[in-house]
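In what follows, a structure is listed as structure tokens, so that the remarks can point back to it.
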Amino acid sequence: MYNSKRRLFLKKVIKLIFIVISFSFISSVLAFLKPKNPKKKPYRFFEIPSDKIPKEGVKRVDIAIDEEKTVKVFLVKHNNSLIALSPVCTHLGCFVNFDRNINEFVCPCHGGRYNIEGKVIKGPPQKNLQRFPIKIKNNKILVGIKI
């Protein structure tokens, strides 16, 4: 009788140890697979060549991040200010296009529309286009992108 209680106790201890090890392994794997929070990444600023800056209206610019990677940005010159906007629709991540006839950004996936400043004017998107920060340093225009 004493041996059976002892065996039962040892089985429960071994089972508990196995459960603890399994949970710690699973949680470490999930933590590794979880994507990094892009909001915590700092902005890296990239120079925009002066010939790429629009005198008025909208111009799509490819910014070279490194030798292999480029990021597309819409530069908007409107009301004497320069705005840098992400071309990614905030609804499902499609790339928006700028329609010069109606002076709006249009998402080809679900018909979302944004005004020239990137603000939602027709759903389904609920959020405005993301704005990138702009700095002027040594008479050069720099756009900040989180990479």
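Figures for the structure shown
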| quantity | calculated |
| --- | --- |
| Some residue of segment 9-20 being touching a strand residue (DSSP E or B) at 6+ places or on another chain (Cβ under 8 Å) and surrounded by fewer than 13 Cβ atoms within 10 Å (Cβ to Cβ) | no |
| Subset of segment 88-101 that is in a loop (DSSP other than H, G, I, E, B) and surrounded by fewer than 18 Cβ atoms within 10 Å (Cβ to Cβ) - its residue that is nearest to the chain's Cα centre (by Cα) | Gly93 |
| Residue check for Lys72: closer than 15 Å to Val143 by Cβ, without any contact (Cβ under 8 Å) to a residue 24 or more places away in the chain, assigned by TED's automatic domain parsing to the domain that holds Lys52 and not polar (S, T, N, Q) | yes |
| Test: residue in segment 107-130 that is without any contact (Cβ under 8 Å) to a residue 40 or more places away in the chain and of a type in the set (Phe, Trp, Tyr) | yes |
| Test: Glu47 is outside any strand (DSSP E or B) and out of contact with any His (no Cβ under 9 Å at 6 or more places or on another chain) | no |
| Residue pairs meeting the criteria (Cβ under 7 Å; at least 6 apart or on separate chains; first within 22 Å of Asn115 (Cβ to Cβ), in segment 43-66; second loosely packed, with under 13 Cβ neighbours inside 10 Å) | Arg60/Lys72 |
| Exclusive hit being surrounded by 14 or more Cβ atoms within 10 Å (Cβ to Cβ) and out of contact with any Asp or Glu (no Cβ under 8 Å at 6 or more places or on another chain), set Glu68, Glu104 | Glu104 |
| Options Ile83, Ile147, Ile136, Ile141; residue that is closer than 22 Å to Ile53 by Cβ and free of Cβ contacts under 8 Å to residues at least 24 places away in the same chain | Ile136 |
| Subset tally (residues that are of a type in the set (S, T, N, Q) and either within 19 Å of the chain's Cα centre (by Cα) or assigned to a strand (DSSP E or B) (or both)) for segment 113-147 | 3 |
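The values are calculated or read from the model by the stated rules, or taken from the named source; none is laboratory data. Worth saying up front: this structure is predicted, and the values here are computed from it rather than measured. So basically every Cβ, Gly included, is an ideal-geometry build from the backbone, and we count neighbours across all protein chains shown.
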